[in-house]
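A quick write-up on the structure given underneath.
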Amino acid sequence: MIVRVFSSGTSRGESPVNYLLSKTDHTGQQRGAEPEVLAGQPSTTVDCINSIVRKHKYVSGAIAFKDNERPTNDQLHAVIRAFKATMCPGLEAHEFNSLFVLHREKNGGCHLHFLFPILEMRSGRFKQMNMHPPGETNLKLYEAFTQLMNHELGYEQVQADPLKLALSDFERRTSRGKAEHKDKLYLHKKLTRALRHGDITNRDQLCEFLADHYGVEVTRKGADYVSLKFPGAAKARRFRGPLYEQGSDYRQLVRAASADNPKLTEMQVQQVRQTLTGLVHKRRMFNEAAFEPRSMLAPRGRGGHGGRAGLHGTNNNNKENRTMKSSNTNTRTVVQDVRIVSEVRAEKTVADVSGMSDTKGDKAAVTNNIQKVRRSAGTTTDNAPQHSAMDAVHDVEAAINSLQGDINAAITDVGRATTPEQRSNAERRLAKLMEQKRRLEVQLGMAKMRQVNAVSATKRM
């Protein structure tokens, strides 16, 4: 068993979830069996991922089992529990989201795919929670988990092939790279065969062997690579791996490649267990400190100084003596958007607000707000339209930020639902919130366009 983490994680949630549930694999071939959801709700995971506005939205990967490793359903669920407890310590099951889908291969092997939105739901602030952060410490955590889990399941330990050719992401993931690295793999296999037969004992002999038998020119030798130019090729290609490193002991490489994958001794098991316990404790301490729950949230104002921009008000305290003159059109748009948000948050039916700004109460509220703004500004300048457009952008952004917290809370409610009725109500509310977010995003684009036009008009004046 080995854990592999994929590099993608920036698309919308439908893309990875649809792949996990598809009856065909990445090559378009029919799978040996239909995918089986072992843990999590696909629709909830999609909603979680789509609620994230950051570039990196999720972590995906697979826990792969060899053909001769046939885990039972009970063992698979035990692996899932151990994996979540190891990678997300300090968080309860409802405080983060995950999806596990089993793919069984035709040859008997299986892959337990996992998908984790980069989102925590413990603090109430819905911050970024990455269960695969960069760094050597994280790699050690995954390595220790893999070693201990293989020991618990009675599997052989995973060892890296000491004669393996290292390929770049370009060569492994792109069509052009895959076509080009076939020649490299062919030549690498010839070299490993000569190495096993004793025809090559060091890197200098390897370079001579290439020139004499295949007409390959060695253009450069680095500490951990050799650049080789194929006959008739326009440029050289870089070969990496233990075989091409300076000072490699070729006899030791051959012995390591021929050895069986051993199982851990009792002493090694204790060492791995101790290492894993320490790394999990360190991650738990980080999670508990970073995602400490807060009962009352204080949204930051537009200027980022802690001022509150509520659902029915606008924060006008970021700058003193700034002229802010709201136009009827911009104010009407913001009031409508904010009114709808408040209704959705209260789980009311969203009413038709096309004529809302014509009511006496709304006109009075808008007029009163404009008067307060003018009094705080003290004077009126030629930049009033520009400030008005800017305020509209800020107000819609504040509404979106407020709505985002409710979306994340609704996602949590879906995950916590214990009855079909609770889940249906939570999903219905989540759908309303997502639809309103899309409306607000359209309004934000329009407000930004008005801001650009106002700036252009000011410059012409």
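The values are calculated or read from the model by the stated rules, or taken from the named source; none is laboratory data. None of the values given here were measured: they were computed from a predicted structure. All Cβ positions, even for glycine, are placed from backbone atoms using ideal geometry, and neighbour counts span all protein chains on display.
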Please determine whether any residue of segment 26-41 is touching a helix residue (DSSP H, G or I) at 6+ places or on another chain (Cβ under 7 Å), closer than 30 Å to residue 405 by Cα and without any contact (Cβ under 8 Å) to a residue 60 or more places away in the chain. no
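Answer with yes or no whether residue 163 is assigned by TED's automatic domain parsing to the domain that holds residue 277 and within 30 Å of residue 272 (Cβ to Cβ).
The answer is no for residue 163.
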If you check every pair at least six apart or on different chains, which have Cβ atoms under 9 Å apart with a residue in segment 232-243 that is closer than 17 Å to residue 170 by Cβ and free of Cβ contacts under 8 Å to residues at least 24 places away in the same chain first and a residue that is of a type in the set (Lys, Arg) and loosely packed, with under 12 Cβ neighbours inside 10 Å second? 236/220; 238/220
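Out of segment 149-206, which residues are among the small types (Gly, Ala, Ser), part of a helix (DSSP H, G or I) and farther than 20 Å from residue 221 by Cβ? Spell out the reasoning first.
In the first step, residues of segment 149-206 are kept if they are among the small types (Gly, Ala, Ser); the result is 154, 160, 166, 168, 175, 177, 179, 194, 198.
Adding the requirement that they be part of a helix (DSSP H, G or I) leaves 175, 177, 179, 194.
Those that are among the small types (Gly, Ala, Ser), part of a helix (DSSP H, G or I) and farther than 20 Å from residue 221 by Cβ: 175, 177, 179.
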Filter the strands (runs of 3 or more DSSP E) completely within segment 215-295 down to those with at least 3 residues that are in contact with a helix residue (DSSP H, G or I) (Cβ under 8 Å, 6 or more places away or on another chain) and at pLDDT 90 or above. 217-221, 225-229
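Residue by residue, here is whether (1) in contact (Cβ under 8 Å) with a residue 60 or more places away in the chain; (2) surrounded by 19 or more Cβ atoms within 10 Å (Cβ to Cβ); (3) of a type outside the set (A, V, I, L, M, F, W, C) holds:
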{"position": "45", "(1), (2), (3)": "yes, yes, yes"}
{"position": "52", "(1), (2), (3)": "yes, yes, no"}
{"position": "61", "(1), (2), (3)": "yes, yes, yes"}
{"position": "67", "(1), (2), (3)": "no, no, yes"}
{"position": "75", "(1), (2), (3)": "yes, no, yes"}
{"position": "81", "(1), (2), (3)": "no, no, yes"}
{"position": "96", "(1), (2), (3)": "no, yes, no"}
{"position": "112", "(1), (2), (3)": "yes, yes, no"}
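For the condition modelled with pLDDT of 60 or more, among the hydroxyl-bearing types (Ser, Thr, Tyr), surrounded by 13 or more Cβ atoms within 10 Å (Cβ to Cβ) and in a helix (DSSP H, G or I), what is the one hit in 376, 456, 388, 424?
Values: 376 fails: modelled with pLDDT of 60 or more; 456 fails: surrounded by 13 or more Cβ atoms within 10 Å (Cβ to Cβ); 424 fails: surrounded by 13 or more Cβ atoms within 10 Å (Cβ to Cβ).
One residue alone meets the criteria, 388.
Return the residues of segment 151-184 that are of a type in the set (Lys, Arg) and either surrounded by 15 or more Cβ atoms within 10 Å (Cβ to Cβ) or on the phi > 0 side of the Ramachandran plot (or both); say none if nothing qualifies.
Quick first cut of segment 151-184, residues of a type in the set (Lys, Arg) only: 164, 172-173, 176, 178, 182, 184.
The answer is 184, and nothing else.
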Here the residues within segment 22-43 that are of a type in the set (Val, Ile, Thr) and modelled with pLDDT of 95 or more are 37
Is there any pair linking a residue in segment 198-216 that is within 20 Å of residue 233 (Cα to Cα) to one that is part of a helix (DSSP H, G or I), with Cβ under 6 Å and at least six apart or on different chains, and which? 216/210
